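Everything on this sheet refers to the single structure shown next.
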Amino acid sequence: MGRCGRLLKGRKRVPVPARSKEQGARSGGDGRVLAPFGRRRTEVVANEVTGGYRIVTALDAEGPAPAAGQFYMLAGERGWGGGGERPFLPRAFSVAEAADSPDGIRLSFLLEDVGPGTGELARLERGDGLLLTGPLGRPFSPPRELNAEAEGAILVGGGIGLAPLALWRRRLAERGVPERSLLGFRDREHSGGLELFRCSEVRLASEDGHAGHRGYVTDLLAVMLQGDGARTAAVYACGPPAMLEAVRGLCAARGVQAELAMESPMACGFGACFGCAMPLRGGGYIRLCVDGPVVRASAVETALVAGAGHR
Ligand SMILES: Cc1cc2nc3c(=O)[nH]c(=O)nc-3n(C[C@H](O)[C@H](O)[C@H](O)COP(=O)(O)OP(=O)(O)OC[C@H]3O[C@@H](n4cnc5c(N)ncnc54)[C@H](O)[C@@H]3O)c2cc1C
Ligand code: FES
């Protein structure tokens, strides 16, 4: 076990408040943690710059600990829906970090300011109210559920898509499951959040060559899946649709089992509006908010979802 694994094993666990434990035990039967009914107020405890992104952390006194891959619908207590101005609907964010504290769960979100919603969230200050619903959706499955011969996990993140993989990496390390992380960025302005991967074996790629391999993160994945690598691999990916589609194609060509954390425009986040419907291979549709956002790569014909995805 690496230094990081030993540190995590020896880490003193802070007791979870009674309500969290009770609600954390509520499971949808597929590893997902069920959200308490309704929207609740949390308090922002940090908002930090990380490269071109921000990490916003809020203290959730009531909620259960989320599973990696799940997401929350977020809205600022102020600056949201006032006077008919956008943003009106809450916005979906993967949880990047969830840490027990004596006062509740500290939830961290990695976000990129791309519009009115993310702009308001990026401006939140310590003490501000953050309204959230969640945790929502299906989480990642353990490597051995994807591939009985899996010797560990390969995590492939593109840009802001590293967010859900950060929490998955931590959960795998806590269980002593070996993982390797491949992270790719477009350029310096569209990169950040690497501190969420501390203690991890990380290989970097960047399109402008500012960090690691000059090129796509999928170049690194292709090398890793050569030879015996494919037989014992379980791949987890999150990133822009073009990257996810490349991961899906690579894995399909090599017979590698993979899960993709996907995005689509989400108005409600809990199955009511059907705005997030996406087609399945062989017919039929799923609602990505309740049947995803983590889906088996083999279940979809393409990862190119219309209207979704940071470039
Ligand atoms: C399950 C899920 C998890 C997500 N996790 C994260 C996360 O961890 N960090 C993060 O920064 N963002 C995440 N997103 C994307 C985030 O929800 C959008 O960036 C946000 O809704 C944009 O809102 P806005 O008002 O700032 O911009 P808008 O004005 O709504 O959009 C501005 C631009 O952002 C892009 N965009 C809009 N909606 C989405 C979307 N749903 N997905 C991708 N791109 C979009 C479009 O290119 C659009 O032109 C996630 C989305 C989903 C569905
Ligand atoms: S976002 Fe409303 S059904 Fe999925």
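The values are calculated or read from the model by the stated rules, or taken from the named source; none is laboratory data. For clarity, every value in this text was computed on a predicted model and none was experimentally measured. Because the Cβ atoms are built from the backbone with ideal geometry, glycine has one as well, and the counts that use them run over all protein chains shown.
Screening Ala230 on (1) closer than 30 Å to Gly52 by Cα; (2) away from ligand 2 (no atom under 16 Å from the Cβ); (3) in contact with a Gly (Cβ under 7 Å, 6 or more places away or on another chain) shows it passes everything except condition (1). When we screen Glu149, Glu174 for residues that are closer than 21 Å to Val223 by Cα and either at pLDDT 95 or above or surrounded by fewer than 23 Cβ atoms within 10 Å (Cβ to Cβ) (or both), the only hit is Glu149. Among residues of the stretch 207-235 that are farther than 20 Å from Arg186 by Cβ, those with a Cβ under 6 angstrom from a residue that is part of a strand (DSSP E or B) and not β-branched (Val, Ile, Thr), sequence gap 6+ or separate chain, pair up as Ala234/Ala153; Ala234/Gln257; Val235/Ala258. Could you list all residues from the stretch 68-78 that are buried (at least 17 other Cβ atoms within 10 Å of the Cβ), under 16 Å from Val56 (Cα atoms) and either at pLDDT below 95 or not hydroxyl-bearing (Ser, Thr, Tyr) (or both)? Answer for the stretch 68-78, where residues must be buried (at least 17 other Cβ atoms within 10 Å of the Cβ), under 16 Å from Val56 (Cα atoms) and either at pLDDT below 95 or not hydroxyl-bearing (Ser, Thr, Tyr) (or both): Phe71, Met73, Leu74, Ala75, Gly76. The single condition among (1) away from ligand 1 (no atom under 16 Å from the Cβ); (2) crowded, with 16+ Cβ neighbours inside 10 Å that Ala98 does not satisfy is (1).
The residues in the stretch 269-290 that are within 15 Å of ligand 1 (Cβ to nearest atom) and in a strand (DSSP E or B) can be counted, and the count is 4.
Checked against (1) in contact with a Leu (Cβ under 6 Å, 6 or more places away or on another chain); (2) within 20 Å of Val217 (Cβ to Cβ), Leu132 passes all but a single condition, namely (2). Restricting the stretch 233-244 to residues that are closer than 15 Å to Arg296 by Cβ and not in a loop (DSSP other than H, G, I, E, B) leaves a set whose member that is nearest to ligand 1 (Cβ to nearest atom) is Cys238.
Of all residues in the stretch 256-268, none satisfies being crowded, with 16+ Cβ neighbours inside 10 Å, of a type in the set (Asp, Glu) and in a helix (DSSP H, G or I). Select, from Leu132, Leu110, Leu124, the only residue that is more than 16 Å from ligand 2 (Cβ to nearest atom), in a strand (DSSP E or B), buried (at least 21 other Cβ atoms within 10 Å of the Cβ) and modelled with pLDDT of 95 or more. None of the other options fit; the residue is Leu110. Counting only residues that are buried (at least 24 other Cβ atoms within 10 Å of the Cβ) and of a type in the set (Gly, Ala, Ser), which one in the stretch 35-67 is farthest from Phe197 (Cα to Cα)? Among those residues, the one meeting the criterion is Ala35. Reported count of residues in the stretch 68-107, each being part of a loop (DSSP other than H, G, I, E, B) and either in contact (Cβ under 8 Å) with a residue 60 or more places away in the chain or within 16 Å of ligand 2 (Cβ to nearest atom) (or both), is 11. May I ask you to say which residue of Glu145, Glu174 is of a type outside the set (Gly, Ala, Ser), touching a residue at least 24 places away in the same chain (Cβ under 8 Å) and out of contact with any Phe, Trp or Tyr (no Cβ under 6 Å at 6 or more places or on another chain)? Glu174 is the lone residue from the list that is of a type outside the set (Gly, Ala, Ser), touching a residue at least 24 places away in the same chain (Cβ under 8 Å) and out of contact with any Phe, Trp or Tyr (no Cβ under 6 Å at 6 or more places or on another chain). Looking only at the stretch 274-286, residues that are near ligand 2 (Cβ under 9 Å from one of its atoms) and touching a helix residue (DSSP H, G or I) at 6+ places or on another chain (Cβ under 9 Å) come to 3 in all. With the condition kept exactly as written, say whether any residue in the stretch 202-223 is more than 18 Å from the chain's Cα centre (by Cα), among the hydroxyl-bearing types (Ser, Thr, Tyr), in a loop (DSSP other than H, G, I, E, B) and surrounded by 14 or more Cβ atoms within 10 Å (Cβ to Cβ). Among the residues of the stretch 202-223, at least one is more than 18 Å from the chain's Cα centre (by Cα), among the hydroxyl-bearing types (Ser, Thr, Tyr), in a loop (DSSP other than H, G, I, E, B) and surrounded by 14 or more Cβ atoms within 10 Å (Cβ to Cβ), which makes the answer yes. The listed residues are Pro293, Pro265, and the only one of them that is near ligand 1 (Cβ under 7 Å from one of its atoms) and at pLDDT 95 or above turns out to be Pro293.
Taking the stretch 187-213 as the region of interest, how many residues are in contact with a helix residue (DSSP H, G or I) (Cβ under 9 Å, 6 or more places away or on another chain), at pLDDT below 95 and basic (Lys, Arg)? Qualifying residue count, the stretch 187-213: 1.
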